[in-house]
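Note sheet for the following structure.
Any read-out appearing in this document is the output of simple, stated calculations on the displayed coordinates, not a laboratory observation. Bear in mind that the values here come from a model prediction, so they are computed numbers and not experimental data. Quick reminder, even Gly has a Cβ in these numbers, built from the backbone with ideal geometry, and neighbours come from all protein chains shown.
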Amino acid sequence: KEKKDLEGKKVLITAGPTVEAIDPVRFITNHSSGKMGYALAEAASKRGASVTLVSGPTKIMPPSNINFVPIKSTLDMYDAVMKHFPQQDVIIKSAAVADYRPQYSAEKKIKKQEGDLTLTLVRNPDILFELGQIKEGKILVGFAAETDHVLEYAKEKILKKNLDFIVANDVTQEGAGFGTDTNIVYLIDKTENITKIDKSSKTEIAHHILNKVKELL
Ligand code: C5P
């Protein structure tokens, strides 16, 4: 039986992809399923935390007894996260946030025309980076999905984004990354202390992440 070791703690989790509109019928997104973030929300809630889940569109039912905040775009996620941030003790950013969005989202469906079409993409805010600038006493956890140089890039992100720790995974490995029910991750903290978690269910990985959060609280 799980202990309620996060009782009284407020935990904000982001999950899923973000969706960037091109016009009313088209969009740019990514392969994030939301499974890792939803597993974290469920596990934190079972351990007694009061959970806010800010999520892009997924096929998963949100856990009951949490504050569910559905969003679509990165700018929506930014607004929702900034609104809820001040009340939180812990923020875990497992969402796969789009780094770019179309400069304009056309009000009407773009008609095909002669020749090619060029879309200009503009940078989205890095939500996690901004939280790192204002985190004060809060625990801030990031994710790093990489295809190469996993540990090196993850360590850079801890410093750049001012995180307490990062969950890094190599999305090219069998049984890891987007859409799978399992993952293989490294938990890396500020002191470069690395813990490898061998292939496990996303629920088990969620509990490992929350154990680490609990240690730091
Ligand atoms: O820099 P990179 O996108 O690899 O970092 C991943 C981490 O940063 C994840 O925790 C993700 O949720 C967060 N992120 C963000 N806003 C962005 C891009 C990434 O919060 N625009």
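Quick look at the values:
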{"read-out": "Gap separating the Cα centres of segment 25-50 and segment 58-99, nearest whole Å", "value": "8"}
{"read-out": "Extension gain from Arg123 to Asp76, taking 0.36 nm per residue of separation minus the Cα-Cα distance", "value": "15.5 nm"}
{"read-out": "Extension gain (nm, one decimal) between Lys111 and Lys214, 0.36 nm per residue minus Cα-Cα", "value": "31.8 nm"}
{"read-out": "Positive dipole terminus of the chain, leading residue within Phe27, Ala168, Ile188 (C-beta point charges)", "value": "Phe27"}
{"read-out": "Relative contact order %, segment 11-90, counting alpha carbon pairs below 8 Å whose residues are six or more apart", "value": "35"}
{"read-out": "Chain lengthening between Ile60 and Ala21 when straightened (0.36 nm per residue, less Cα-Cα)", "value": "11.9 nm"}
{"read-out": "Mean Cβ count within 10 Å, highest first, over the residues of peptides 98-106, 34-42, 189-197", "value": "34-42, 98-106, 189-197"}
{"read-out": "Cα-Cα pairs of segment 96-217 separated by more than 21 Å (percent)", "value": "50"}
{"read-out": "Cα→Cβ-extended label distance, 7 Å offset, between Ala176 and His84, nm", "value": "2.8"}
{"read-out": "Pairwise FRET efficiency - Asn67 versus Asn193, Cβ, R0 = 30 Å, nearest 0.05", "value": "0.40"}
{"read-out": "With Cα atoms, 0 to 90° folded angle of helix 150-160 axis to the chain main axis", "value": "90"}
{"read-out": "Kirkwood-Stokes translational diffusion coefficient of segment 11-70, alpha-carbon pairs, 4 °C, 1.567 mPa s, µm²/s", "value": "108"}
{"read-out": "Rotationally averaged projected area of segment 1-45 (alpha carbon convex hull; nm²)", "value": "4.4"}
{"read-out": "Residues Tyr153 and Tyr100, FRET efficiency given R0 of 25 Å [Cβ-Cβ distance, rounded to 0.05]", "value": "0.85"}
{"read-out": "Degrees between helix 74-84 axis and first principal axis of the chain (Cα, 0 to 90, nearest 10)", "value": "40"}
{"read-out": "Rounded to 5, percent antiparallel among DSSP beta bridges of segment 1-84", "value": "25"}
{"read-out": "DSSP bridge orientation in segment 127-217 - percent antiparallel, rounded to nearest 5", "value": "65"}
{"read-out": "Helix 35-46 vs. the chain, principal-axis angle (Cα, 0 to 90°, nearest 10)", "value": "40"}
{"read-out": "Computed helical MRE - 222 nm, the chain, DSSP H runs ≥ 4 contributing -39500 (n - 2.57), nearest 500", "value": "-8000 deg cm²/dmol"}
{"read-out": "Fraction of antiparallel bridges per DSSP, the chain only, in percent to nearest 5", "value": "40"}
{"read-out": "Violating pairs (Cα-Cα greater than 26 angstrom) within the set Lys59/Lys112; Lys9/Lys161; Lys83/Lys199; Lys4/Lys155", "value": "Lys59/Lys112; Lys83/Lys199; Lys4/Lys155"}
{"read-out": "Reciprocal mean inverse distance between Cα atoms of segment 1-126 - Kirkwood radius, Å", "value": "15.8"}
{"read-out": "Computed Kirkwood radius, in angstrom, where 1/r is averaged over Cα pairs of the chain", "value": "17.9"}
